[in-house]
Amino acid sequence: MGLDIAILTDKHDQVFDSQFYSDRNAGNDNYSVSRTFCNFMCRQNACEGLPELDQIGEITALDITPFYEMERYKDENNEELLYLLETAESEEERQEILQECRESNAKVTGNIGKVENLLTRLIDKLSVIENLPAILDDHGYDTLNSKVYFAEFNAIATQGYINNNFGQDLRSFKRFVNYAKTKGATTVYFTYG
């Protein structure tokens, strides 16, 4: 078992409705990103040097900050937040934790349009790059299997989201954001588990 990433919204019940699960159970898992995408997002804390997401931001001349901000959003059920509050040594420390949470959440609240736009621009710019793996530096610690994950950006995975490449993960992410918007979501964020 490994760490996975999920994309959540401020309209959980509306987005994750019976139709969503019906499609998913029928093998129509068009909204899921791979575990490799999870590892990709975690590279900021796992490698020395510039992580691949930041490199991609430089290559495409796009601000990828919204993705990192999505990692820091904590809803009321966030395990890390609950743990921090539970282990706080004073009410003052609890209030500081809650204030930090409110500040990082404020950066994400209402972000769905910004994230959708970033995904569209990333997909457009990366779809014309011929050999992305050769451009990216894995710093000698290639936990992503970069030669495979970043290759064939425009290819479509045929065996479910588990084998998604980076292009498919971005397209699945974008489909989810578009779907969430139709259900009234205004905020999207990541959670790990």
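Only the coordinates and a few stated rules stand behind these numbers; no lab work does. Small disclaimer: the values here were computed from a predicted structure and weren't measured. When we count neighbours, we look across all protein chains shown, and the Cβ atoms used for this are built from the backbone with ideal geometry, even at glycine.
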(request) For the chain, with a Gaussian network of springs between Cα atoms less than 10 Å apart, report the residue from 95, 55, 14 with the top mean-square fluctuation. (result) 95
(message) Can you give me the distance in nm between label points at residue 175 and residue 12, each placed 7 Å from the Cα along the Cα-to-Cβ direction?
(response) 2.4
(request) Work out the FRET efficiency for residue 147 and residue 61 from their Cβ-Cβ distance, taking R0 = 25 Å, and round it to the nearest 0.05. (result) 0.55
(request) For the chain, please report how many Lys pairs fall under 16 Å Cα to Cα, leaving out neighbours fewer than 8 apart on the same chain. (result) 8
(message) How are the alpha carbon pair distances in region 10-86 distributed across 10 Å bins from zero to the largest one, expressed in percent?
(response) 14, 31, 34, 20, 1
(request) Calculate for the chain the 222 nm mean residue ellipticity that helices alone would give, adding -39,500 (n - 2.57) per DSSP H run of length 4 or more and normalising by residue count, nearest 500 deg cm²/dmol. (result) -15500 deg cm²/dmol
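If you wrap a convex hull around the Cα atoms of region 113-188, how much volume per residue is inside, in Å³?
110
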(request) Could you work out the longest stretch of the chain that avoids the GluC sites (Glu not before Pro) located in DSSP loops with at most 11 other Cβ atoms within 10 Å? (result) 131-193
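Please report, largest first and rounded to whole Å, the three semi-axes of the ellipsoid equivalent to region 47-193, where each semi-axis is the square root of five times an eigenvalue of the C-alpha gyration tensor.
On the way: eigenvalues 199, 72, 42 Å².
They are 32, 19, 14 Å, listed largest first.
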(request) Take the alpha carbon atoms of region 68-153, find their radius of gyration, then divide it by 2.2 N^0.38 Å using N residues; give the quotient. (result) 1.58
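Want the number for residue 117 to residue 45: 0.36 nm per residue separation, take away the alpha-carbon distance, what's left? Intermediate values should be presented prior to the final figure.
Numbers: separation 72, 0.36 × 72 = 25.92 nm, distance 2.57 nm.
Going from the current span to full extension adds 23.4 nm.
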(request) Please give the contour-minus-distance gain from residue 85 to residue 24: 0.36 nm per residue of separation, less the Cα-Cα distance, rounded to one decimal in nm. (result) 18.5 nm
(request) Give the Debye-formula value of log10 I(q)/I(0) at each listed q (0.21 Å⁻¹), with one equal scatterer per alpha carbon of region 26-128, two decimals each. (result) -1.22
(request) DSSP loop (so not H, G, I, E, B), at most 16 other Cβ within 10 Å: list which trypsin sites (Lys or Arg not before Pro) in region 126-193 pass both filters. (result) 183
(request) Two decimals is fine: what's Rg over Rh for region 70-120, C-alpha atoms, Kirkwood radius as Rh? (result) 1.11
